[in-house]
Amino acid sequence: MRQRLYQLQLVVFLTLVTMVAAIAKPQSTSLSELFPSPGQTKAAIVINKVLERYHYRKVVLNQTFAKTVLAKYLKQLDPNKSFFIARDVERFETGARNLDESMRRGELDVAFDVFRVYRMRVDERVAYALKLLDQKLSFDVAETFAFDSSEAQWAQDSAELDDRWRRRVKNDFLTLRLADKSDDEVRDRLRKRYEGLARRIHQFNGDDVFQTFINAYTESIEPHTSYMSPSTSENFDISMKLSLEGIGAVLRGDNEYTVVQSTVPGGPARESGQIHAGDQIVGVAQGLDGAMEDVVGWRLEDVVEKIRGPKGSVVRLQILPKSSGSTGHSREISLVRNEIKLEDQAAKSYLVDDLPNGPGMKVGVIEIPAFYRDFEAEGAGDANFRSTTRDVRKLINDLVMRGVDGVLIDLRGNGGGSLAEATSLTGLFIDTGPVVQVKDAFGKVEVEADTDAGVAYTGPLAVLVDRESASASEIFAAAIQDYGRGLIIGEPTFGKGTVQTLIDLNRYVPGDHDDLGRLRLTMAEFFRISGGSTQLRGVEPDIRFPTAEYMTEHGERSLDNALPWTRIDPANFKKASAMTFDMLTLKSNERVSRDLGFQMLTERSKLMRDAEEQKEISLRERDRRAQEDQRERRFKDEQDRFLRSKGITPVDEDADQVDEDALDAQREAIARIEVEEAARIMVDGISMQRGRDPRAVMRN
């Protein structure tokens, strides 16, 4: 049952954010309607009880926690401190002195009062921004814009807020000017952006306000617990009945931007190679020649509705790459919407040979984009239903028949999936034994184990992971590492070690009543068989690639209120072998230091780190252009140098006419950089073992 719930959560999350069903255009809500309803009061009381009883992290609803909830609510509404002023916040805090007691009784007056003031402040700021657009703006002055003011103090008065908005409008204007827009185009686009911001806030109804506040409450506990209002739940139900069509991207709202959280294996976004986690979507257009709509400041649901559409249709996106920061140069890409099928996510294999450190040796690479299992076909009695484990077993047999010397499992970018598949896949490489421990909210620990005797592959094994390898990927990699069955190579993984389930709140209130919505609840945590959790820390590779040195706060580590790393007693298992990595690490470091591909990847990691750490940017046009040119040149020079070393002529992805075959070859060469080094590491280990070196590390 737990396996099915875990698989369901992946589908729920991907579906919600990638393909919300068509939503009726919302109407403006009057201020007189923005007061809590009896149904919302009832829902709040039920949510309190469910969280207190079933949430994995025990909730104590006291004054200290209530202050955290209020601060989170203000941050959700005004993350960059662009609307409220200090006296607003002081009044909210005064009115919320007994918020813990109010929340316990389901009283929501504070939440709605804050939102009504927020809506008025948005109207004031939008009016001021539109006024600024009618004035001449100078970009010769040496001043800066703090595009991340989340840690700043609240503005003391309207005059201070005016100055922040003056700089914001200048930054918005300059960003579009640097994207080769005329000043008239910029003014028209920004006018629509600011007016759209006010219009969307006016469309918030009571359910929207309630959902926003309750999610501030749940996210003050931990980041993966969330509430869906009745209207959101209805859209979810509709979307679950549809085919998974769209671009195949998991999106989230961040401040006023729509950010790509991950891409779905087999989807157009992943297949294009042009969209990556952390990229911002700032514009959406329909078809090959539809007008580009600026979506900065839009609600996530509205952006999703613009992006999704029928299979075979074209959507154009304006993207700000993560490496360029929030104020860098955008680029436009075109995608053909498509249905994402199970076979598009299936594991695949290929050979890496002709390695300079292992003449004549071959490493079989198995790419696993997700941990999938066709539950529908299985439930219908189809004996040949598709699953990760079944597909990988066939690939292993084929690779063995081709005489490979070792197998490399590539889990880069694999965000997880079925827990059952993580367990059974591990069983292909061990005989029988525990794979992962699951501890629930009541402290009960269950062990998920491989019970099928026999091993599909006994030869040298390695697993390649990166910062986007999460959940089920971490369970598999951790088990292989704990058993000493193979090497883990790459970057520390995402650190998602919690389990969620979807709860219908109506089941807790008997009789006829309004729909109360649903709660996505964190109810358990994964632990390695060695006792430590995969939560927060993820899986630390045995051999790190240099790109890991430039990882800042990433994955679970970057989320507010994430559950801490902890440990429980280890399970009863037998380690396959003791492994040492010093010599392999030394050899790899020597190669990597000279490798042009890794120099390029390291430079990209540096650029991403610099973009994440940057808090403000120049508003002087010549300085800004110089900064952007330097950033783009840094990465492009490294990339071109690497490609030419491989005999590949670099392709400009932003050119009007692009040779798609040449572009695919370029992307494949870049994707193989880490794979080929991982294969060389394996060859070193195999050679040491065959030479009976006492430092041998690869199990045969």
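The values are calculated or read from the model by the stated rules, or taken from the named source; none is laboratory data. Note that the structure is predicted; figures quoted are calculated from it, not measured. Note: ideal-geometry Cβ built from the backbone for every residue, glycine included; neighbour counts use all protein chains shown.
In table form, for the structure just shown:
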{"read-out": "Residue in region 236-246 that is crowded, with 24+ Cβ neighbours inside 10 Å and at pLDDT 80 or above present", "value": "no"}
{"read-out": "Of residues in region 246-263 being closer than 18 Å to residue 322 by Cα and assigned to a loop (DSSP other than H, G, I, E, B), the one nearest to the chain's Cα centre (by Cα)", "value": "255"}
{"read-out": "Region 377-391 - residue that is more than 29 Å from the chain's Cα centre (by Cα) and not hydrophobic (A, V, I, L, M, F, W, C) and, of those, nearest to residue 409 (Cα to Cα)", "value": "384"}
{"read-out": "Strands (runs of 3 or more DSSP E) contained entirely in region 447-553, each with at least 1 residues that are over 30 Å from residue 279 (Cβ atoms) and hydroxyl-bearing (Ser, Thr, Tyr)", "value": "498-504"}
{"read-out": "Inter-residue pairs, beta-carbon under 6 Å, first under 14 Å from residue 121 (Cα atoms) and in region 135-163, second among the charged types (D, E, K, R), 6+ apart", "value": "154/81"}
{"read-out": "Among the candidates 561, 572, residue that is in contact (Cβ under 8 Å) with a residue 40 or more places away in the chain, at positive phi and surrounded by fewer than 20 Cβ atoms within 10 Å (Cβ to Cβ)", "value": "561"}
{"read-out": "Leading residue by the ranking (modelled with the highest pLDDT) among those in region 484-518 that are buried (at least 24 other Cβ atoms within 10 Å of the Cβ) and over 27 Å from the mean Cα position of the chain (by Cα)", "value": "486"}
{"read-out": "Members of region 416-440 found to be within 24 Å of residue 400 (Cα to Cα) and assigned to a loop (DSSP other than H, G, I, E, B), listed by number", "value": "427, 428, 429, 430, 431, 432"}
{"read-out": "Flag for residue 75 being among the charged types (D, E, K, R), without any contact (Cβ under 8 Å) to a residue 60 or more places away in the chain and surrounded by 15 or more Cβ atoms within 10 Å (Cβ to Cβ)", "value": "no"}
{"read-out": "Residues satisfying the stated conditions in region 333-365, i.e. crowded, with 21+ Cβ neighbours inside 10 Å, in a strand (DSSP E or B) and of a type in the set (A, V, I, L, M)", "value": "335, 352, 363, 365"}
{"read-out": "Of residues in region 284-306 being closer than 12 Å to residue 197 by Cβ and in contact with an Asp or Glu (Cβ under 7 Å, 6 or more places away or on another chain), the one surrounded by the fewest Cβ atoms within 10 Å (Cβ to Cβ)", "value": "297"}
{"read-out": "All positions within region 125-134 that are in contact (Cβ under 8 Å) with a residue 24 or more places away in the chain and either of a type in the set (D, E, K, R) or in a loop (DSSP other than H, G, I, E, B) (or both)", "value": "125"}
{"read-out": "Selected residue (criterion: modelled with the highest pLDDT) from residues of region 307-320 that are farther than 16 Å from residue 147 by Cβ and within 20 Å of the chain's Cα centre (by Cα)", "value": "317"}
{"read-out": "Matching entry among 411, 419, 428 (being in contact with a Ser or Thr (Cβ under 7 Å, 6 or more places away or on another chain) and either in contact (Cβ under 8 Å) with a residue 40 or more places away in the chain or crowded, with 24+ Cβ neighbours inside 10 Å (or both))", "value": "411"}
{"read-out": "Residue count, region 94-114 (criterion: part of a helix (DSSP H, G or I), free of Cβ contacts under 8 Å to residues at least 40 places away in the same chain and loosely packed, with under 15 Cβ neighbours inside 10 Å)", "value": "2"}
{"read-out": "Positions within region 375-399 being farther than 21 Å from residue 474 by Cα and either acidic (Asp, Glu) or not in a helix (DSSP H, G or I) (or both), in sequence order", "value": "376, 378, 380, 381, 382, 383, 384, 385, 386, 398"}
{"read-out": "Matching residues in region 135-159 - criterion: being in a helix (DSSP H, G or I) and either in contact with a helix residue (DSSP H, G or I) (Cβ under 9 Å, 6 or more places away or on another chain) or modelled with pLDDT under 95 (or both)", "value": "158"}
{"read-out": "Exclusive hit being at pLDDT 90 or above, of a type in the set (Val, Ile, Thr) and under 19 Å from residue 211 (Cα atoms), set 50, 20", "value": "50"}
